[in-house]
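A.B. asks: Have a look at the structure that comes next, please.
The values are calculated or read from the model by the stated rules, or taken from the named source; none is laboratory data. Source: prediction; values computed, not measured. Counting neighbours? That spans all protein chains shown, and the Cβs are built from the backbone with ideal geometry, glycine included. Quick note on the areas: whole protein, heavy atoms, side chains included, nothing else; ligands and nucleic acids left out. Shrake-Rupley method; radii C 1.70, N 1.55, O 1.52, S 1.80 Å.
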Amino acid sequence: MAKSSSLVMKASLPRRRRVHRPRRSPTKPERAATAEEAVLLAGVDGAADIFGAAGCPRSPEYPVVPDMDDCVVDGVDDAPATALGRRPSDETLVVHAGEKLGSGGEAGTDSIVTPIVSGTTHWFRDSANLIAFREGRRQSFEYGRYGNPTVQVLEDKISALERAEATLVTSSGMNAIVATLLALVPPGGHVVATTDCYSEARAFIRDKLSKMGIRSTFVDLDDMEALESVLDQGNVTMFYADSPTNPHLKVVDVPHVAELCHRRGALVCIDSTLASPINQKPLTLGADVVLHSATKYIAGHHDVIAGCVSGSEALISRIRAWHHDIGGAISPNAAYMIIRGLKTMALRVEAQNRTALRMARLLENHPKIERVYYPGLESSPWHGVARRQMTGAGGVISFEVASDLHGVMRFVDALELPLIATSLGGCESLVQQPAVMSYWGQSDEEKAKNGIKDNFVMFSFGIERFEDLRDDILQALEKI
């Protein structure tokens with residue numbers, strides 16, 4: 001059972017908020033003037049803060065992400081203060097939580113670097129020692145599938161970042177999703193999910209849970225009245241959603257949804273993979289459980305697969321019990337690689353936030369781009385919600401090119417820096433055209449139902465220099 005970090009706290013239920021009604025996206029003639037103006041906006045000096053209108057001070061070093069020490073997002077609870085007299089920042093937590101700060105010492109060493117404890121089983125000094133462990137009077141480990149010292153450090157680190165009582169790290173993001181749904185939604189239960197969510201999760205909820213006697217309903221975030229209508233019918237066990245969503249980057253108004261669901265006894269589960277714990281903390285906004293594909297921003301180097309789920313000790317204990325049965329334990333080697341990657345996550349995400357915003361502003365005004373999806377843009381219908389509950393809009397943008405399937409393929413093929421690949425959140429920039437990647441072979445009806453057009457492009461920015469990526473994208477657009 002996971003040991004709670006001393007750096008985490010329970011999330012409090014946020015105060016009620018008014019319903020967010022997305023406004024329509026502006027037409028092209030309504031956009032700000034010219035591509036030349038956009039290039040100036042995206043110049044070397046950087047753009048204004050993503051959420052500068054919220055009153056957060058602008059930082060000359062990190063012009064996109066407000067410093068959380070200076071600008072507290074409405075509804076987000078601070079972590080408890082340490083002996084330093086103030087709470088540690090996320091930049092400090094990613095380095096020290098679970099090690100020097102927090103429970104620490106799980107691996108039984110004074111090494112600066114958490115060691116890889118590769119043993120699959122742990123021994124007990126005598127029977128009294130074993131009984132003390134069984135009765136919870138002694139913290140230890142028994143068998144690798146149930147817990148590991150290296151993995152425990154990673155779990156404590158993520159708990160501190162998410163302000164969670166407990167975290168379970170799993171062998172993949174999908175394993176975390178499956179274990180969470182199986183543990184928290186019983187036979188006869190009802191899951192309400194958003195239509196714009198991770199396709200594998202949507203398929204599991206729709207096709208697999210139905211075989212276990214669990215109903216599912218999918219609602220569009222543009223129609224919150226539909227969610228209220230389903231909740232009013234009763235017997236909803238869980239609301240499940242990505243925020244931001246994949247691939248259209250819609251943002252769930254977590255406090256509002258949590259209020260609606262909790263009033264009717266339903267849990268709220270948010271997959272926050274596209275935000276990262278740096279940009280968004282759903283538990284502090286009222287969610288019960290937060291999921292991540294740790295493969296993405298958390299690990300950050302495209303070299304390890306993992307998932308994690310955080311929440312209260314009571315909920316994570318239930319998920320952990322299912323996880324033990326379905327066998328999704330992460331290896332200590334993978335956990336070590338994620339710990340190492342986590343220590344630079346704040347720096348990486350800040351850079352990716354900056355690049356994505358500047359590129360989104362440039363492309364929004366480019367004559368060969370029809371539409372840009374990015375909640376950091378003031379023109380986005382989701383900008384207001386994002387500004388209230390996020391400190392940065394992330395490193396992923398989606399856009400529609402003014403061309404057809406083959407024209408967009410020429411654009412993608414002409415790019416020299418980004419790699420054509422699925423995934424996001426790593427050091428390397430990735431690009432994909434979903435019509436020929438994740439939705440290849442699907443019917444036009446299925447693609448249309450999920451908002452996937454032939455000219456739709458999804459771009460995950462890495463940590464390369466903005467000007468290099470800008471010049472590359474502009475030259476590729478000229479190939480259309």
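A.B. asks: Looking at the stretch 292-299, can you tell me whether even one residue there is touching a strand residue (DSSP E or B) at 6+ places or on another chain (Cβ under 8 Å) and part of a helix (DSSP H, G or I)?
C.D. replies: no
A.B. asks: For the stretch 144-154, state whether one or more residues are part of a loop (DSSP other than H, G, I, E, B) and open to solvent by 40 Å² or more (accessible area, probe 1.4 Å).
C.D. replies: Looking for residues that are part of a loop (DSSP other than H, G, I, E, B) and open to solvent by 40 Å² or more (accessible area, probe 1.4 Å), one finds at least one in the stretch 144-154, hence yes.
A.B. asks: Still on this model: Give H262, H302 a once-over and let me know the one that is open to solvent by 30 Å² or more (accessible area, probe 1.4 Å), at pLDDT 95 or above and touching a strand residue (DSSP E or B) at 6+ places or on another chain (Cβ under 8 Å).
C.D. replies: Going through H262, H302 in turn, the sole match is H262.
A.B. asks: For the stretch 157-188, give me the residue count where each residue is of a type in the set (S, T, N, Q) and open to solvent by 10 Å² or more (accessible area, probe 1.4 Å).
C.D. replies: Of the residues in that region, 3 qualify.
A.B. asks: Filter the stretch 114-131 for residues that are of a type outside the set (S, T, Y) and either surrounded by 15 or more Cβ atoms within 10 Å (Cβ to Cβ) or at pLDDT 85 or above (or both) and give the result.
C.D. replies: P115, I116, V117, G119, H122, F124, R125, D126, A128, N129, L130, I131
A.B. asks: Considering only the stretch 441-451, state which residues are more than 25 Å from the chain's Cα centre (by Cα) and part of a loop (DSSP other than H, G, I, E, B).
C.D. replies: Residues satisfying the conditions are G441, Q442, S443.
A.B. asks: Tell me yes or no: at least one residue of the stretch 130-137 is at negative phi, touching a residue at least 24 places away in the same chain (Cβ under 8 Å) and not charged (D, E, K, R).
C.D. replies: No.
A.B. asks: Okay, next question. Could you count how many residues in the stretch 224-259 are within 16 Å of A287 (Cβ to Cβ), among the aliphatic types (A, V, I, L, M) and modelled with pLDDT of 95 or more?
C.D. replies: Residues in the stretch 224-259 being within 16 Å of A287 (Cβ to Cβ), among the aliphatic types (A, V, I, L, M) and modelled with pLDDT of 95 or more: 8 in total.
A.B. asks: Out of H302, H190, H262, I need the residue that is in contact (Cβ under 8 Å) with a residue 60 or more places away in the chain and more than 20 Å from the chain's Cα centre (by Cα). Which one?
C.D. replies: H262
A.B. asks: While we're here: Filter the stretch 230-241 down to residues that are open to solvent by 20 Å² or more (accessible area, probe 1.4 Å) and within 23 Å of G173 (Cα to Cα), then give me how many there are.
C.D. replies: 1
A.B. asks: Determine if the stretch 242-252 includes at least one residue that is small (G, A, S) and open to solvent by less than 10 Å² (accessible area, probe 1.4 Å).
C.D. replies: yes
A.B. asks: If you take the residues of the stretch 416-464 that are among the acidic types (D, E) and touching a His at 6+ places or on another chain (Cβ under 9 Å), which of them is farthest from T295 (Cα to Cα)?
C.D. replies: D454
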